[in-house]
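The values are calculated or read from the model by the stated rules, or taken from the named source; none is laboratory data. In this text, all values refer to a predicted model and were calculated from it rather than measured experimentally. A quick note on method: Cβ atoms are made from the backbone with ideal geometry, for glycine too, and the neighbour counts reach across all protein chains shown.
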Ligand code: GLN
Ligand code: ZN
């Protein structure tokens, strides 16, 4: 095998959306027809060049390529294997990707779901018994060449074959019992071709990402992993192979990789343990992920150096690396002048993490200031239960007087360009507080009147004052900081700016009560108060790691509990506490799940259990695989739960656990991820399925998720059909 040594400092991947979200702008402009493919490609090329030159300037020995993506790296992998379903294939690779990712010509897109336990979303490949695989090394080879033009030799990153197939779902029409992993031999043929093409290109090392190996794997899956790397390792014409694992420890997959012919193995030493000293590791490179790619804290050099010393005794060579791709952290701390100085000293974003990797490899890492000691209670109190559901349901029915199959929405209404400008004007001081207040009130009134006109039963104020469901609360709670440019890609062109929870969390004053009571003052119909739940606030923030997560969540839950109480005292009869991230934090290993769900459910109940019997608590979770945690969702003890269902074609209704669900349930009937307006007939059919699976009295009628990313014409048309469908069913 080629014996180019593995670089002593490297990263597993880098952000790609652009330090100022240049890629987002270029994508949206291309999609809207405001610019052409040439401009989109030029933006990508510029961003890649800037990243590579910056990594070189920072002294990183092992830069990576093929970590850029115009949408998603899993979809890119499907494209490189020639396995994108034929219905999406267009004339250019970009258009194929966009058709599969966003849908086209009436075609729904591929399913999208969370990338392991992160807030990044990938497109789920569809693999069937007849899927053809044809290697297309175009993109990885082009990126290697582009970097070379700058005089930079890179290590291309490919999604590994085992993870690719484990993340895929069986194509529609595949026979029962078929699993994408059955196609491993054929996929490997395509990987062999990709590796051959990269070898021809003179590439010394290739990185194959196998994060699926840090979750529980069956003996058959481990055997498939062994077979895969036996085969790829046995190729005579190939680059050296670096198999990267991340987001946890390799566990039983470690001996499999140690015994395989691959040359380097990447281990996440932030989330996983130091690997066992297996004989198979003695002639391999261990790529030690000691700089966390999942948080924004500086690395403690003493602890990291100790870890590196321990792995040095195990492997032939040790390289210093990030624990995973830096895709999950913002670009650069240097552009954040508003953060308090004492906090800045504790932070590292992608650029700073590269510096840390380089310094650790050189043995020159400096010291890191400690986090302040907590001054607020961190011990969760025992879970208190509300009255039995039957008692609450009766009190709520008497108070609210809702029709059968009540129609509601998930909270947000379209965030128009004017709204975004209004908020930006407030932030920049171009608009005063009083004027801002008036503009938001006017928007709330518009949204309330629209819902009345459409015949919605439980109204919302529309969340016009919120930039984001987590950031908004972070901005109003002590203990959080927000960034100016700290964007992290969520999917495609969408990014979030996770707040930083760095101190003790405290609610100094009511946050949402003014907006909700204003909305309620405009109408006789009930208005739902709208809060983000403690687990979601924590999941979508970068949180302090000096306290255990349950303690951090508890502080947040306490703040939300106060807000629920204030809404209730102000006369709001329904409060929705969203927990869309409940599923996301579910540990990848089964053995750790029960403990997680225990504290997550306890935090939710701490936030909501103070509500009186006649106050209806709603919750909302948006993902199709809610079935896995239905018992926990039930344990949240919310009176009404809305979940995604339309996008996953009502699959959730087939789950036996749904039938056992004891309280109100709103399986979404409008896929808000798409521009498509569902017809009344279509919604009627979905509601019939819901009222077959559940007692009619428990079914709510709502979209899959909030409407903020949609435009008014679509939303108005869709809600008109939602109300018409509910009325059709009520009429029998
Ligand atoms: N209430 C939020 C909204 O409607 C919920 C968003 C979410 O679930 N992601 O926007
Ligand atoms: Zn949602």
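No other residue among 628, 592, 584 is more than 28 Å from residue 725 (Cβ to Cβ) and either part of a strand (DSSP E or B) or within 16 Å of ligand 1 (Cβ to nearest atom) (or both) apart from 584. Of the helices (runs of 4 or more DSSP H) lying entirely inside the stretch 381-468, those carrying at least 2 residues that are touching a strand residue (DSSP E or B) at 6+ places or on another chain (Cβ under 7 Å) and assigned by TED's automatic domain parsing to the domain that holds residue 690 are 389-400, 433-454.
Quick check: anything in the stretch 511-527 assigned by TED's automatic domain parsing to the domain that holds residue 602, without any contact (Cβ under 8 Å) to a residue 40 or more places away in the chain, surrounded by fewer than 18 Cβ atoms within 10 Å (Cβ to Cβ) and over 23 Å from residue 413 (Cα atoms)? No, the stretch 511-527 has no match at all. So which of 555, 576, 606 ends up being surrounded by 17 or more Cβ atoms within 10 Å (Cβ to Cβ) and over 24 Å from the mean Cα position of the chain (by Cα)? Result: 606 is the single residue among 555, 576, 606 that is surrounded by 17 or more Cβ atoms within 10 Å (Cβ to Cβ) and over 24 Å from the mean Cα position of the chain (by Cα). One residue alone among 547, 501 is in a loop (DSSP other than H, G, I, E, B) and within 21 Å of residue 380 (Cα to Cα), and that residue is 547.
Please specify each residue of the stretch 187-225 satisfying the condition of being free of Cβ contacts under 8 Å to residues at least 60 places away in the same chain and either surrounded by fewer than 17 Cβ atoms within 10 Å (Cβ to Cβ) or at positive phi (or both). Scanning the stretch 187-225 gives 189, 200, 202, 218, 219, 220, 223.
Counting only residues that are away from ligand 2 (no atom under 16 Å from the Cβ) and free of Cβ contacts under 8 Å to residues at least 60 places away in the same chain, which one in the stretch 571-583 is nearest to residue 705 (Cα to Cα)? If we take residues in the stretch 571-583 being away from ligand 2 (no atom under 16 Å from the Cβ) and free of Cβ contacts under 8 Å to residues at least 60 places away in the same chain, then 575 is nearest to residue 705 (Cα to Cα).
Per-residue answers, yes or no, for (1) modelled with pLDDT under 95; (2) under 31 Å from the mean Cα position of the chain (by Cα); (3) within 16 Å of ligand 1 (Cβ to nearest atom):
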residue	(1), (2), (3)
419	yes, yes, yes
449	no, no, no
458	no, yes, yes
504	yes, yes, no
507	no, yes, no
512	no, yes, yes
516	no, yes, yes
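Whenever a residue of the stretch 399-428 is on the phi > 0 side of the Ramachandran plot, its partners that are within 16 Å of ligand 2 (Cβ to nearest atom) and assigned to a loop (DSSP other than H, G, I, E, B), lying with C-beta atoms within less than 6 angstrom and at least six residues away or across chains, give the pairs 411/460; 411/463; 411/706. Taken as a whole, the condition of being assigned by TED's automatic domain parsing to the domain that holds residue 561 and within 24 Å of residue 13 (Cβ to Cβ) applies to residue 489.
Can residue 56 be described as closer than 24 Å to residue 323 by Cα, under 26 Å from the mean Cα position of the chain (by Cα), assigned by TED's automatic domain parsing to the domain that holds residue 139 and part of a helix (DSSP H, G or I)? No; evaluated as a whole, the condition is false for this residue.
Checked against (1) free of Cβ contacts under 8 Å to residues at least 40 places away in the same chain; (2) closer than 18 Å to residue 293 by Cα, residue 42 passes all but condition (2).
Within the stretch 483-492, the set of residues being more than 13 Å from residue 120 (Cβ to Cβ) and either under 18 Å from the mean Cα position of the chain (by Cα) or modelled with pLDDT of 95 or more (or both) comprises 483, 485, 486. The set of residues from the stretch 684-721 being within 16 Å of ligand 1 (Cβ to nearest atom) and in contact with a helix residue (DSSP H, G or I) (Cβ under 6 Å, 6 or more places away or on another chain) comprises 701, 707, 719.
Out of 669, 640, report the one residue that is under 17 Å from residue 716 (Cα atoms), within 16 Å of ligand 1 (Cβ to nearest atom) and touching a strand residue (DSSP E or B) at 6+ places or on another chain (Cβ under 9 Å). On inspection, the qualifying residue turns out to be 669.
Taken together, the residues in the stretch 26-36 that are surrounded by fewer than 19 Cβ atoms within 10 Å (Cβ to Cβ), touching a residue at least 24 places away in the same chain (Cβ under 8 Å) and in contact with a helix residue (DSSP H, G or I) (Cβ under 9 Å, 6 or more places away or on another chain) amount to 1.
I'm trying to understand the selection: among the residues of the stretch 574-598, which are in contact with a strand residue (DSSP E or B) (Cβ under 8 Å, 6 or more places away or on another chain) and farther than 30 Å from residue 407 by Cα? Once the filter is applied, which keeps residues that are in contact with a strand residue (DSSP E or B) (Cβ under 8 Å, 6 or more places away or on another chain) and farther than 30 Å from residue 407 by Cα, the stretch 574-598 yields nothing.
What residue, among those in the stretch 469-496 that are within 20 Å of residue 703 (Cβ to Cβ), touching a strand residue (DSSP E or B) at 6+ places or on another chain (Cβ under 8 Å) and part of a strand (DSSP E or B), is nearest to ligand 1 (Cβ to nearest atom)? The qualifying residue nearest to ligand 1 (Cβ to nearest atom) is 490.
Residue by residue, here is whether (1) within 30 Å of residue 385 (Cα to Cα); (2) surrounded by 17 or more Cβ atoms within 10 Å (Cβ to Cβ) holds:
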position: 654; (1), (2): yes, no
position: 659; (1), (2): yes, no
position: 667; (1), (2): yes, yes
position: 695; (1), (2): yes, no
position: 698; (1), (2): yes, yes
position: 717; (1), (2): no, no
position: 726; (1), (2): no, yes
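Test residue 535 against the criterion of being in the same structural domain as residue 449 (by TED's automatic domain parsing), assigned to a strand (DSSP E or B) and touching a residue at least 40 places away in the same chain (Cβ under 8 Å), and give yes or no. Here the answer is no, as residue 535 does not meet what is asked.
If residue 646 satisfies every condition in (1) crowded, with 19+ Cβ neighbours inside 10 Å; (2) within 16 Å of ligand 1 (Cβ to nearest atom); (3) at pLDDT 95 or above but one, which is the exception? With (1) crowded, with 19+ Cβ neighbours inside 10 Å; (2) within 16 Å of ligand 1 (Cβ to nearest atom); (3) at pLDDT 95 or above applied to residue 646, the lone miss is (3).
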